[in-house]
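The values are calculated or read from the model by the stated rules, or taken from the named source; none is laboratory data. All values reported here derive from a predicted model rather than from experimental measurement. No Cβ is skipped: glycine too gets one built from the backbone with ideal geometry, and neighbour counts run over all protein chains shown.
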Amino acid sequence: MAEGRRTATQARLRLAQRAAFAAGALPLALVGWRLWQGAYEPDPIAALADETGEWALRVLLATLAMRPLRRLTGWRWPLAVRRTLGLWAFAWASLHLGVYAGLDQYGIWAEIPRDVLERPFVLAGFAGWLLLVPLAVTSTRGWMRRLGARWQRLHRLVYAVAALALLHQWWIVAPKADLTRPLVYLAAFLFLMALRLPAGRVAARLRRA
């Protein structure tokens, strides 16, 4: 009986992981379709950069939501899908960087370091991507065993990544005067951080509410 329940639980967790993978991939198909249909005209490069960057931020925030969701509900699947979502956040951030480096800068690599240093929003975005690299590389169980307690300390960098991503978006959008989306994402980030400080008491209060 116990073995059957364990097998059923593992099957549900695998299904949740596949669903998380599909959830990360589906927007990629949507972006491709919109690009094919010319929906990003008259400035497809800028629109594509905005779209890929926003999806990176959305998936990153979804990744941060998994641990609080686990604490609030007791469900096991949020932690099972967290790594998949985190890797998709890195993939979307890398695609965003690729659009910037390969299309916006026309692949002129010598110009990129100067652009990073001269424009603060580029520096914030690039710093956030750099911090994501070690998190993606060490996301496997093998690295978790090798690093031990250091693994969790390393992966707390994700909070800095999210803060840099929000700052990156804010600096891009602020000159356009419509701050609705950056404020929504900032509110979501602050809410997720509030659930961690202190996690136990906040979770108990939310359950009672």
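Annotations for the structure displayed:
- Scope segment 91-121; condition of a type in the set (S, T, N, Q) and modelled with pLDDT of 80 or more; matching residues: Ser94
- Just one of the listed residues (Trp88, Trp55) is under 16 Å from Leu131 (Cα atoms), aromatic (Phe, Trp, Tyr) and modelled with pLDDT of 90 or more, and it is Trp88.
- Here segment 163-189 is the region considered, the condition is being modelled with pLDDT under 95, under 19 Å from Ala89 (Cα atoms) and touching a Pro at 6+ places or on another chain (Cβ under 8 Å), and the residue that is surrounded by the fewest Cβ atoms within 10 Å (Cβ to Cβ) is Trp170.
- Residue in segment 109-118 that is within 20 Å of Trp171 (Cβ to Cβ) and in contact (Cβ under 8 Å) with a residue 24 or more places away in the chain present: no
- Evaluated against (1) within 19 Å of His168 (Cβ to Cβ); (2) modelled with pLDDT of 85 or more; (3) loosely packed, with under 15 Cβ neighbours inside 10 Å, Arg146 falls short on exactly one condition, (1).
- Subset of segment 70-85 [of a type in the set (Gly, Ala, Ser) and at pLDDT below 85]: Gly74
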